[in-house]
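Heads up: the structure comes next, in C-alpha cells.
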Amino acid sequence: MIRKLHPIAGIIAFITILAFWTSTVIVEFGGDHARIAAVKLAILWGLALLIPSIAFAGASGFKLGGASANPTIAGKRRRMPFIALNGLLVLVPCAIFLQQRASAGVFDQTFALVQGVELLAGAINLTLLGLNIRDGLALTRRFGAPGQVK
C-alpha cells in the first residue's frame, strides 16, 4: 500500500507547489490587488494539502528506501531534507507574511522582495521534487532504460 501512496503524495506535493507558483506569477503580472489577495489566501488554505503530502512523501520514501546504498535512492534521500526545510523555513513563512500583507492592502517593496524569495524557493522545491519524481520513475522502471537503475 505504501508503494502506491508514496508516488501519489509526491505528485500531489509537486502539483500543489506548481499551482501556487503559476497562480502567483499569473496574478502578479495580470491581476489587481484584490485578485492577488485572493490568490494569497487560497495558497494559505492550500498549505493544508501541501504540508501533509510532503510529510507523507518524505516519511514513506525513507521507509521504502531503508538503508539502501543505491545511488538513486541516496540522491532522493539527500534532497528530501532540503525540500522540507525550504518549505518549513522559507515557503510557509513567506505564504503567511504575503497573505497578511495582501489582505491589509500593503503591496510595498517588502511585499515584492518576499514575493521574489517565495518564487525562488518554490522553483527550487519544484526542481528538487521533479528530480525525486524522475528518480522514482526510474527506480520503478516506469520510464528510463531497463537496467538503468539497479
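The values are calculated or read from the model by the stated rules, or taken from the named source; none is laboratory data. Since the structure is predicted, the reported quantities are computational estimates derived from the model, not experimental observations. Every residue, glycine as well, gets a Cβ built from its backbone with ideal geometry; the counts of neighbours run over all protein chains shown.
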Requested in this report: Given the conditions (1) over 12 Å from the mean Cα position of the chain (by Cα); (2) at pLDDT 95 or above; (3) assigned to a helix (DSSP H, G or I); (4) not charged (D, E, K, R), report the number of the one that VAL106 does not fulfil.
Outcome: (3)
Report task. Search segment 65-88 for residues that are more than 13 Å from THR127 (Cα to Cα) and pair each with any residue that is acidic (Asp, Glu) when their beta-carbon atoms are under 9 Å apart and the residues are at least 6 apart or on different chains. Result -> THR72/ASP135; ILE73/ASP135; GLY75/ASP135
Requested in this report: Please state which of the following conditions ASN86 fails to meet, knowing it meets all the rest: (1) surrounded by 15 or more Cβ atoms within 10 Å (Cβ to Cβ); (2) farther than 28 Å from ILE2 by Cα.
Outcome: (2)
Query raised in the report: Here are GLY66, GLY75: which of them is within 15 Å of ILE2 (Cβ to Cβ), more than 14 Å from the chain's Cα centre (by Cα) and loosely packed, with under 15 Cβ neighbours inside 10 Å?
Result: GLY66
Query raised in the report: Within the group ILE17, ILE26, ILE51, ILE43, which residue is of a type outside the set (D, E, K, R), free of Cβ contacts under 8 Å to residues at least 12 places away in the same chain and either surrounded by 14 or more Cβ atoms within 10 Å (Cβ to Cβ) or assigned to a helix (DSSP H, G or I) (or both)?
Result: ILE26
Query raised in the report: Scanning for something surrounded by 15 or more Cβ atoms within 10 Å (Cβ to Cβ), touching a residue at least 40 places away in the same chain (Cβ under 8 Å) and of a type outside the set (A, V, I, L, M), does segment 136-148 turn up at least one residue?
Result: yes
Query raised in the report: Counting only residues that are exposed (fewer than 13 other Cβ atoms within 10 Å of the Cβ) and hydrophobic (A, V, I, L, M, F, W, C), which one in segment 106-119 is farthest from VAL25 (Cα to Cα)?
Result: VAL106
